[in-house]
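Everything on this sheet refers to the single structure shown next.
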Amino acid sequence: MSEQRGEPAEQQHPVMDGAEEATNEEKLHGLVEQVEHDHGHEGASAMADHLRDRAAETGVETEEPSDHVE
């Protein structure tokens, strides 16, 4: 990781092997697992906030049930 002014660079994409080839659904599932592990003790509302932030940082699209038309 490169550093600027002594601060670590912000992660802009998943770095796990195979993450670049993963579908959006698989990436979203991985983000949910990460957020649950890291912030599960903070409650559902805080977890949702963290998930939205991580999705925006990594470019993973979240799925909104209201967006689906059948």
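The values are calculated or read from the model by the stated rules, or taken from the named source; none is laboratory data. Keep in mind the model is a prediction, meaning the values are calculated, not measured. Cβ placement follows ideal geometry from the backbone for every residue including glycine, while neighbour counts extend to all protein chains displayed.
Quick notes on this one:
- Residue in the stretch 31-41 that is among the polar types (S, T, N, Q), modelled with pLDDT under 90 and within 15 Å of the chain's Cα centre (by Cα) present: no
- Residue ID - surrounded by the most Cβ atoms within 10 Å (Cβ to Cβ), chosen from residues in the stretch 46-62 that are in contact with a helix residue (DSSP H, G or I) (Cβ under 7 Å, 6 or more places away or on another chain) and not in a helix (DSSP H, G or I): VAL60
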